[in-house]
Number of protein chains: 2
Amino acid sequence: MKEYKLPIGCDVPETIILADGDFPSHPLALEWLRQCPYVVCCDGAANTYIRSGRMPEAIVGDGDSLLPDIKERYASLIHSEAEQETNDLSKAFRFCLSQERKRITIMGATGKREDHTIGNVSLLADYMEQAEVSMMTDYGIFVPIREDSMFESYIGQQISVFNMNSTALSAEGLAYPLSVFTNWWQGTF
Amino acid sequence: MKEYKLPIGCDVPETIILADGDFPSHPLALEWLRQCPYVVCCDGAANTYIRSGRMPEAIVGDGDSLLPDIKERYASLIHSEAEQETNDLSKAFRFCLSQERKRITIMGATGKREDHTIGNVSLLADYMEQAEVSMMTDYGIFVPIREDSMFESYIGQQISVFNMNSTALSAEGLAYPLSVFTNWWQGTF
């Protein structure tokens with residue numbers, strides 16, 4: 001049984017991918033970004049990150065969303081792939097894997113277009129095959145699981161469970177029972 | 001074949017449910033809210049809506065998120081249900097159905113908690129069984145379909161397709177082919 005302590009990932013992440021959605025504003029997220037030793041930015045996310053006084057390990061993307069001075073000054077950090085099948089988040093994830101980064105926290109992957117938010121959350125289900133991965137937003141943390149898992153929590157904590165093609169789903173300790181949901185909303189609380 | 005013209009729902013909606021997520025900021029959304037003859041607010045959404053100078057037909061929810069003066073002054077508009085199984089959006093939807101409103105546009109149902117955004121988008125798949133429904137956000141429009149449908153578009157328009165338990169999915173006129181996706185992100189562009 002895999003165990004998750006509260007707050008999930010209370011230690012500073014080893015690796016952060018900072019995607020190009022809404023820049024994090026939660027104090028814990030900003031603290032992690034400040035302390036994390038290895039941050040990879042997706043394209044435009046590097047603008048705000050660099051201006052906050054930090055230097056990313058790499059900037060993944062075609063650089064089109066970078067401010068001209070940052071694009072010029074940090075050209076050596078830009079890692080671009082011509083491949084158009086996957087988005088910058090997936091390219092950044094592959095880059096991290098190529099650098100042997102196996103424990104990855106994703107930030108900045110929500111906000112703006114809701115279809116992209118939904119898509120990015122669902123990518124966790126694919127990524128978990130290759131790394132220990134989670135997503136932190138200003139409102140909570142998404143953790144993909146595929147095995148029996150135990151989450152520390154406090155009484156009254158609000159959680160949602162999404163069923164990605166699972167054929168079995170049950171839980172103990174929740175106010176509402178889980179079942180094999182047929183629509184996304186059924187596990188939201 | 002059902003046909004959807006551009007912009008989808010260019011006419012002012014007959015009925016709007018204004019949920020309690022981020023208040024809309026897109027000019028078209030604000031114009032619709034101004035002109036729509038029948039707006040139902042989910043709880044706290046009524047605060048901003050009423051302060052913008054409009055009066056909702058009803059306020060659905062327990063009133064806990066209403067400002068004290070609004071709660072007192074508009075008490076007669078508050079429609080509360082003790083039932084805890086569904087959220088305020090679904091209660092507002094049922095209220096609209098009870099008032100014979102059959103063409104409904106949902107706004108304010110995204111932003112803040114991403115699990116709620118995902119859940120609210122997915123509710124469209126249930127609602128479409130009982131009404132003609134769509135969701136407008138500051139970034140686009142979600143339209144649930146279950147039959148062959150044709151969407152007017154312009155060249156280069158970015159769209160995403162989510163597959164809610166469909167066993168068949170195909171399209172003409174898209175830059176990328178559709179298939180029976182097994183993960184949410186696969187239809188995002």
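The values are calculated or read from the model by the stated rules, or taken from the named source; none is laboratory data. For clarity, every value in this text was computed on a predicted model and none was experimentally measured. So basically every Cβ, Gly included, is an ideal-geometry build from the backbone, and we count neighbours across all protein chains shown.
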Query raised in the report: List, please: which pairs have Cβ atoms under 8 Å, are six or more places apart or on different chains, and start with a residue in the range A:12-32 that is under 27 Å from A:Asp115 (Cβ atoms) and end with one that is of a type in the set (Asp, Glu)?
Result: A:Ala19/A:Asp88; A:Asp20/A:Asp43; A:Asp20/A:Asp88; A:Asp22/A:Asp138; A:Pro24/A:Asp138; A:Ser25/A:Asp138; A:His26/A:Asp138; A:Ala29/A:Asp138
Query raised in the report: Which strands (runs of 3 or more DSSP E) does the range B:80-179 wholly contain that include 2 or more residues that are within 12 Å of the chain's Cα centre (by Cα) and within 25 Å of B:Glu57 (Cα to Cα)?
Result: B:103-107, B:132-136
Query raised in the report: So which residues in the range B:159-189 are in contact (Cβ under 8 Å) with a residue 12 or more places away in the chain and more than 27 Å from A:Asn163 (Cα to Cα)?
Result: B:Gly173, B:Leu174, B:Ala175
**Report entry** Condition check for A:Ala29: more than 24 Å from B:Val161 (Cα to Cα), out of contact with any Leu (no Cβ under 9 Å at 6 or more places or on another chain) and within 14 Å of another protein chain (Cβ to nearest Cβ)
**Finding:** yes
Query raised in the report: In this structure, does B:Tyr154 turn out to be within 14 Å of chain A (Cβ to nearest Cβ) and either surrounded by 11 or more Cβ atoms within 10 Å (Cβ to Cβ) or not charged (D, E, K, R) (or both)?
Result: no
Query raised in the report: Residues in the range A:157-181 that are out of contact with any His (no Cβ under 9 Å at 6 or more places or on another chain), facing chain B (nearest Cβ under 9 Å), surrounded by 11 or more Cβ atoms within 10 Å (Cβ to Cβ) and not hydrophobic (A, V, I, L, M, F, W, C): how many?
Result: 2
Query raised in the report: From B:Gly53, B:Gly61, which residue is small (Gly, Ala, Ser) and within 28 Å of A:Ser25 (Cβ to Cβ)?
Result: B:Gly61
Query raised in the report: Given the structure, is B:Asp62 within 28 Å of A:Thr188 (Cα to Cα), acidic (Asp, Glu) and in the same structural domain as B:Met136 (by the TED database)?
Result: yes
Requested in this report: Taking A:Pro56 as the residue in question, decide whether it is closer than 18 Å to A:Asp138 by Cα and in a loop (DSSP other than H, G, I, E, B).
Outcome: no
**Report entry** Matching entry among A:Gly53, A:Gly61 (being surrounded by 19 or more Cβ atoms within 10 Å (Cβ to Cβ) and modelled with pLDDT under 95)
**Finding:** A:Gly61
**Report entry** Matching residues in the range B:1-43 - criterion: being at pLDDT below 95, assigned to a loop (DSSP other than H, G, I, E, B) and more than 16 Å from the chain's Cα centre (by Cα)
**Finding:** B:Met1, B:Lys5, B:Leu6
Query raised in the report: Restricting the search to the range B:129-139, which residues are more than 9 Å from chain A (Cβ to nearest Cβ), surrounded by 22 or more Cβ atoms within 10 Å (Cβ to Cβ) and touching a Ser or Thr at 6+ places or on another chain (Cβ under 7 Å)?
Result: B:Met136
Query - Qualifying residue in the range B:42-49 (condition: crowded, with 16+ Cβ neighbours inside 10 Å and more than 24 Å from B:Pro13 (Cα to Cα)) - result: no
Query raised in the report: In this structure, is B:Val143 buried (at least 17 other Cβ atoms within 10 Å of the Cβ) and touching a Phe, Trp or Tyr at 6+ places or on another chain (Cβ under 6 Å)?
Result: no
Requested in this report: Starting from the range A:63-75, take each residue that is under 21 Å from A:Gly21 (Cβ atoms) and list its partners that are assigned to a helix (DSSP H, G or I) and of a type outside the set (D, E, K, R), counting only C-beta distances under 6 angstrom and pairs at least six apart or across chains.
Outcome: A:Leu67/A:Asn47; A:Ile70/A:Asn47; A:Ile70/A:Ile50
Requested in this report: Keeping to the range B:90-128, report how many residues are more than 9 Å from chain A (Cβ to nearest Cβ), in contact (Cβ under 8 Å) with a residue 60 or more places away in the chain and surrounded by 22 or more Cβ atoms within 10 Å (Cβ to Cβ).
Outcome: 9
